Amino acid sequence: MSAVFERNALPAMQTSHCHTPLNNYSPQELAIEIKAFISGVDQTQGRKLSVRDHARCAVRLLRTVPACRGAVLEHLRGVYDEYVAAFLQDLEAECENGGNSTSGGGSTSVSNLEDVIKEVHAVISEFIKLSPKAWAPLVSTWAVDLLGQLSSKHAGRRAAPHSSTTRSLMECYSRCLAAMLAWCPDACVDALLDTSVQHSPHFDWVVAHIGSAFPGTIISRVLACGLKDFYAHGYSSAEKINQQQPIDKSSRVPKIGSVVGILGHLASRHSDSIKKELLRMFQDSLSPPPQNVPPHSSGTGGWENSPHLRRATVPFLLQLAALSPTLLGAVSAEPVEYLRPPILIQLQAQFKAFPREDLENMLGLAVHLISQSPSGGARVLKFLADTATPSSVIISGPTPSPHDSIRDACDRLLQMLLLHLHKLVHNRPKGDEPFPQSSDATAMPQVIPFLEELQGHIGDLCAETLRLQRKRHLWLHQLLCLLSVYGGPSVATEALCQLFTKARNPEELALASQLYTPLSTSLSGLLSSTISRCVAQIHTQTFDNKELAQLLNNLATVVQSQEEDRKNGVAATGSSAQSSMAAQVRVAVSSHLQDFCSLLLHGDAMVSKAAVYLLSCSQLPRACSSAHLLLICRAAVSHFFVCLRQQEEGLRVGEEEVGYSMRLLSHLAAYSPLTLKAVLQQLVEGALHRGNRDLFGGLQENAGDDTTQSSNLVSDLGISLLDINCKFGTSVNFSGSVWSVFHAGVIGKGLKPPYSPSQPDPDRVTQNMQTLFAVMVQCCTSGGASPTGNARNGSAGDTGNGRFAVINAEAAKVIAVTLVENICPDVANGELSWPPEEHAKTTVERDIHIRRCFERNPVLFHLLRVVAARRPALCYCSVILRGLLATLLAHWEASREPSVLDSPWHLQTSCLLVSCMGEGQLLPPVLSNIHEVFPHLSPFEVRLLLLGVWEYMRGNSPMPQKFTFCADRGLFFQDFSRDGDVARYIAPIHSVLHKNMDHLGHLCWRFQI
């Protein structure tokens, strides 16, 4: 009885109830009530008390005999349990009956006890209000323990938390907590933690409700109580977390599991408060302790004044984060912002007191937490890399150099992190197949939150890696490799694409090869996917001009390295060469040539130069559509003339870029007959185009010939017809008779402005000519398949070993046909025979057009020489030769000048025409030498000799069938002995020589048959 009635507490209870209105019970009546409460039997009637009457008896004792509070509260547990059971039974019966409530026994029991529950609640609330220090600790423990029992007992039943009993208990506990906040909050929170440990997870709803009502208090007090309990029970479970062993509830520190559960429930709505409180604990553990505060002061938990608790704070916070992914996600990135050198020094000083084994466990636990942190991984990685970087490396930003011991610790932590990530990545399910194709959910790889978060920072990691800082770039490069293996082809291709784009020298570009080497064994087709990704980003204009040029240059450097290694005898042949990175990039680039060729005409000079460098090093694909080939050829030829134009305008285009362009054109011409024809056609058309004519010494057309352009260039003079007519008299005659004169004004704008064509630089024209014909000869010769790119510095057709390469017959024919199509497109290709000289009168207009073409395009004579170099291709230019010769005959016939030197263009054209026809063996040697005497003759004599050429051509039409192939020399020759007597065609020559024997006698031997 002494234990039940708590006699020692009676005076205090009576004092606390001095203001409580008590019923006037005599001692005898109180004794009867006590006996009835103990025995459960009505002492006056001798019958057993009902649940309701027994509960009312307990309430009367609670009001009148405070010493009975322990026994009464213990009895009320059963009353509350009875009420909850009846309430749930009645609710379930109502649901089974389809919502039709019936007045059964359960309903009567609920109604009988409901007023008792309300009375108990009113009494307890009144006691807490009047004497909180006496009642709040007892009631809070009783209420929260009863809530835990009811939650566990009725966990599987519906609507257990929604009864009036549970609401009453929750309200009582809330009143107690609010009353105890000022003087003893730990006792109330300890009761909550103990109950949570005993009845979790069924008790979680209570924790969530109370925590939402008092978030700040519950969070701070729960953490303080958890820290004290953690220190009291040691750090035994830290080693288990470090070893990643599954930890059940029984092996946890008793209250830390409850702390994790409570904070986990509050994190959904109060994550910011939890984050601030955790960071405050971390900062307070490192800051100096407050002065003049008792060691066990309650204040904010009292742990700040204990050096042991302060030292246990960091391990406690690590343990919390390890047990709760929610808490880890809330605070994973925040501590990094506070880890400045002074804080690190304090942290290091605090860790010196730890045993070595505990330090190793904490380091392993920190590595595990970093790998599992879902956010802030980039900031954590930057902090570790900056702190662990050697002092000899200059770090960007205002980060001071840490102490050597701190640097060594971060270095070790970073290396352990990389090793831990390596194990996680390569020890995933089905480790022999890093990316299994199975759709089974159990075969999915393990998720590593740290690497998941870093996948969004691939660009930053690559940029930091390319800085090549000592040790730092090795860590980041290893992390990039792990990210690529973990993330699969998408991450690997992005990393390689970033390295190809941002590398600025061979040392940085070598990092791409070092990354590809370990990945090539597990990821097939990686480089092909990388190049495809680069091309896609080019199409979407992701790169700026500088990045795009750097990407193309780096790809070209990789492709070119294979050729250089082959020349130096470094690279192996066969399958090993195909497996190298350079060979793979070469093949991948060749499959996207049609995408890269559009960059040849890019507006930025650096991009176009890089594009032609890449294409000139790349090989053409084995199978390529005709449309793509023609597109590449057109872009390459256009870029060639753009390079010449930029050189003409003094832009930054050197010999190197022109050499790349020539090399590309040579590769295209050697690929197939289709590309050879396309390249040569477009080269000829480009050289004759009016926009490129001045590059080769041609004359631009007179802009004044265009009436519309002329009218646009001259401003409107604002002339009035009325003013003009007034000049002819005092007034204007508007009589309307037939003799009326009206001045209609001046038609047009008067005289056209004089046209003075600009004279191009002769040296630049000569250089452009050499460049053009060097690339054309490379394309036409058999050596065009493997050009050196420096042919523009040597002679056209020179193979480099003292021999002249033979021009391809089909190539020469393509040039000849293209010349005819561009100069006189109305002429059929079969028009090879020469008519009589009188027939030229019917083609005067066409002949004049041909002559003007030669006047405007001096490059035509050199093109004819290229055609003549490969017989019998010049035969297909018969119509051009005939028209040009007809205009020359007409000019010399009409000339009245005493000497041919007075018509320099016509003299030069006559000499070049005869020389070209002789080189193409359309004329016998005797006639092909007559151009040597032209400068010494009169116009009439020149016409006489040219007329002999016409007659010979008319009698011996230039037919390809007349040429015979010589296998020894690999050339076609014409046998002029089959043409009959040539003497009748050279009679005028001998006559002219005899007439001018005094100054032409030394040339007579040149005209002997």
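The values are calculated or read from the model by the stated rules, or taken from the named source; none is laboratory data. Note that the coordinates shown come from a computational prediction; the quantities given were computed from them, not determined experimentally. We place every Cβ from the backbone using ideal geometry, glycine too, and count neighbours over all the protein chains shown. Note: areas computed on protein heavy atoms with side chains; ligands, DNA, RNA excluded. Shrake-Rupley method; radii C 1.70, N 1.55, O 1.52, S 1.80 Å.
For the range 165-189, the tally of residues that are without any contact (Cβ under 8 Å) to a residue 40 or more places away in the chain and assigned to a helix (DSSP H, G or I) stands at 4. Checked against the criterion of being within 19 Å of Met953 (Cβ to Cβ) and modelled with pLDDT of 85 or more, the candidates Arg856, Arg871, Arg851 yield just one match: Arg851. Among residues of the range 850-907 being hydroxyl-bearing (Ser, Thr, Tyr) and more than 23 Å from Phe696 (Cβ to Cβ), the one that is most open to solvent (accessible area, probe 1.4 Å) is Ser899. In the range 562-594, which residue that is at pLDDT 85 or above and hydroxyl-bearing (Ser, Thr, Tyr) is most open to solvent (accessible area, probe 1.4 Å)? Out of the qualifying residues, it is Ser591.
Residues of the range 489-507 being more than 22 Å from Gly456 (Cα to Cα) and either in a helix (DSSP H, G or I) or touching a strand residue (DSSP E or B) at 6+ places or on another chain (Cβ under 7 Å) (or both), which ones?
Scanning the range 489-507 gives Pro506, Glu507.
Screening Leu417 on (1) closer than 30 Å to Ile345 by Cβ; (2) crowded, with 20+ Cβ neighbours inside 10 Å; (3) at pLDDT below 90; (4) not small (Gly, Ala, Ser) shows it passes everything except condition (3). Scanning the range 35-67 for residues that are β-branched (Val, Ile, Thr) and open to solvent by 40 Å² or more (accessible area, probe 1.4 Å) turns up Ile38, Val41, Thr44, Val51. Applying the condition of being of a type outside the set (A, V, I, L, M, F, W, C) and under 30 Å from Lys275 (Cα atoms) to the range 375-395 and asking which residue is modelled with the lowest pLDDT yields Thr389.
The sole residue among Ser324, Ser273, Ser250, Ser298 that is open to solvent by 50 Å² or more (accessible area, probe 1.4 Å) and either acidic (Asp, Glu) or modelled with pLDDT of 75 or more (or both) is Ser273. I need a count of the residues in the range 68-84 that are open to solvent by less than 10 Å² (accessible area, probe 1.4 Å), aliphatic (A, V, I, L, M) and over 13 Å from Val120 (Cα atoms). So the count comes out to 1. The residues on offer are Ser285, Ser237, and the sole one that is in contact with a Lys or Arg (Cβ under 8 Å, 6 or more places away or on another chain), at pLDDT 75 or above, under 25 Å from Pro355 (Cβ atoms) and in a helix (DSSP H, G or I) is Ser285. Evaluated against (1) open to solvent by less than 10 Å² (accessible area, probe 1.4 Å); (2) over 28 Å from Asn545 (Cβ atoms); (3) at pLDDT below 90, Leu680 falls short on exactly one condition, (3). Using the structure shown, decide if Val336 is of a type outside the set (Ser, Thr, Tyr) and closer than 18 Å to Phe282 by Cα. Criteria met by Val336. Restricting attention to the range 955-976, does a residue exist that is β-branched (Val, Ile, Thr), at pLDDT below 85, farther than 17 Å from Pro835 by Cα and surrounded by fewer than 19 Cβ atoms within 10 Å (Cβ to Cβ)? Looking for residues that are β-branched (Val, Ile, Thr), at pLDDT below 85, farther than 17 Å from Pro835 by Cα and surrounded by fewer than 19 Cβ atoms within 10 Å (Cβ to Cβ), one finds at least one in the range 955-976, hence yes. Looking only at the range 196-215, decide whether some residue is part of a helix (DSSP H, G or I), of a type in the set (Asp, Glu) and at pLDDT below 80. Within the range 196-215, one or more residues are part of a helix (DSSP H, G or I), of a type in the set (Asp, Glu) and at pLDDT below 80. Taking the range 878-909 as the search range and keeping residues that are farther than 26 Å from Arg954 by Cα and not in a helix (DSSP H, G or I), which one is nearest to the chain's Cα centre (by Cα)? Ranking the qualifying residues of the range 878-909, first place goes to Ser903.
Selection of first residues in the range 43-60 that are closer than 16 Å to Glu29 by Cβ and of a type in the set (Val, Ile, Thr) and of second residues that are modelled with pLDDT of 80 or more and surrounded by 13 or more Cβ atoms within 10 Å (Cβ to Cβ), restricted to Cβ pairs under 8 Å at least 6 apart or on distinct chains, gives the following pairs, ordered by first then second residue: Thr44/Ile32; Val59/Val72; Val59/Val116; Val59/Glu119; Val59/Val120; Val59/Val123. Scoring Ser833 on the criteria (1) at pLDDT 85 or above; (2) of a type in the set (S, T, N, Q); (3) in a loop (DSSP other than H, G, I, E, B) leaves a single failure, condition (1).
Residues in the range 604-637 that are open to solvent by 70 Å² or more (accessible area, probe 1.4 Å) and either touching a Ser or Thr at 6+ places or on another chain (Cβ under 9 Å) or within 18 Å of Glu657 (Cβ to Cβ) (or both): Met606, Lys609, Gln619, Arg622, Leu630, Leu631.
Quick check: anything in the range 499-516 polar (S, T, N, Q), touching a residue at least 60 places away in the same chain (Cβ under 8 Å) and open to solvent by 30 Å² or more (accessible area, probe 1.4 Å)? Yes.
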